[in-house]
Amino acid sequence: MTLSILDLAMIVLPAAAYLDQYKKIIKSGDTGTFNPATCGVLLVCNIIRVFFWLARRFDTVLLYQSFVMIVAQFLLLELCVRVQHRRRRPSLQIKSMKDYTSAFWAWPHFSHYLAFCAALAGGLWLLHLIFGSSAAYADLVGAVALGIEATVPMPQAWNNYKRKSTFGLSWIVIMSWFGGDLFKIGYYIASGAPAQFTMCGFVQFSVDVIICYQIARYSVYTRVGSTTSPVSAIKMGTAL
């Protein structure tokens, strides 16, 4: 299979956009308002997307895109866990399944996230062996994968709303979401991808618009000081 420049852009650019967020966290030593739940949503939906491809062989470019995104999100998540680990209470430990579930996606060690993703992939592989030849199963897996992917910007939008701040959030990441989702919608339609992909793209783009509005609104708060001062905005952005 020969990949065009457009194909390579589709594979690499969605994940490459997170490089700026990675650099921001390294530079500041803080995750700011970036929500690690975003990594979780992307990991889960892309792992499921791989099994969607196994059940229904759509464009291979979208499969490669999932692999690249999985690697990128593991790298970003590991950094977030490492940075947040330095600020956690020493008593926060996972000693039982109850601890594991009650601290879901706020675990103290990166190995816990790896174990969860491995268990998810193992369960999906078992289901694929049993139901993989069923068209209804393929449609269900696609709906779940792309339904979850549609929620990718939602944790960030909710986090911004709660904090009334977007301090520490990479503009490049948000603009890549905005432009990238428009690009993906066009690509999905042109390449004849399953309908789940196109619907996912439209939902994501709608939330992108909300986040752009939040950035404009909360930056006005900070500049004007009508409800939030620069100092308090920073405190909200760094208090995790």
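For the stretch 1-88, the relative contact order comes to 46 percent (Cα pairs under 8 Å, sequence separation of at least 6). Using Cβ point charges alone (K and R +1, D and E -1), the dipole size of the chain about the Cα centre works out to roughly 1060 debye.
The stretch 176-222 and the stretch 39-91 have Cα centres lying 19 Å from one another.
Under 1.5 on a/c is rounded, so check that first for the stretch 129-173, then, if it is not, pick prolate when a/b is larger than b/c and oblate when it is not; a ≥ b ≥ c are the square roots of the alpha carbon gyration tensor eigenvalues. Prolate.
Mean residue ellipticity, 222 nm, helices only, the chain: the sum of -39500 (n - 2.57) across DSSP H runs of n ≥ 4, divided by residue count and rounded to 500, is -25000 deg cm²/dmol. With coordinates expressed along the principal axes, the C-alpha atoms belonging to the chain extend over 57, 45, 28 Å, beginning with the largest.
Straight Cα distances below 15 angstrom link Lys24 to the aspartates and glutamates Glu78, with same-chain residues fewer than 8 positions distant left out.
Volume of the convex hull of the stretch 103-146 (Cα atoms only), normalised per residue: 73 Å³. For the stretch 108-115, backbone phi angles converted through the Karplus equation (6.51, -1.76, 1.60; θ = phi - 60°) give residue-by-residue couplings of x, 10, 4, 4, 5, 5, 4, 5 Hz, Gly and Pro being listed as x. Remark: the stretch 8-24, residue by residue, has Karplus-estimated 3J(HN,Hα) of 4, 5, 5, 6, 8, 4, x, 7, 4, 4, 7, 4, 5, 5, 4, 5, 4 Hz, where x stands for each Gly or Pro and the curve is 6.51 cos²θ - 1.76 cosθ + 1.60 at θ = phi - 60°. Only Cα pairs under 8 Å and 6+ residues apart enter the sum, and on that basis the relative contact order of the chain stands at 29 percent.
A short reminder: the numbers here are calculations on the coordinates, not readings from a lab. None of the values given here were measured: they were computed from a predicted structure. Cβ atoms come from the backbone with ideal geometry, glycine included; neighbour counts cover every protein chain shown.
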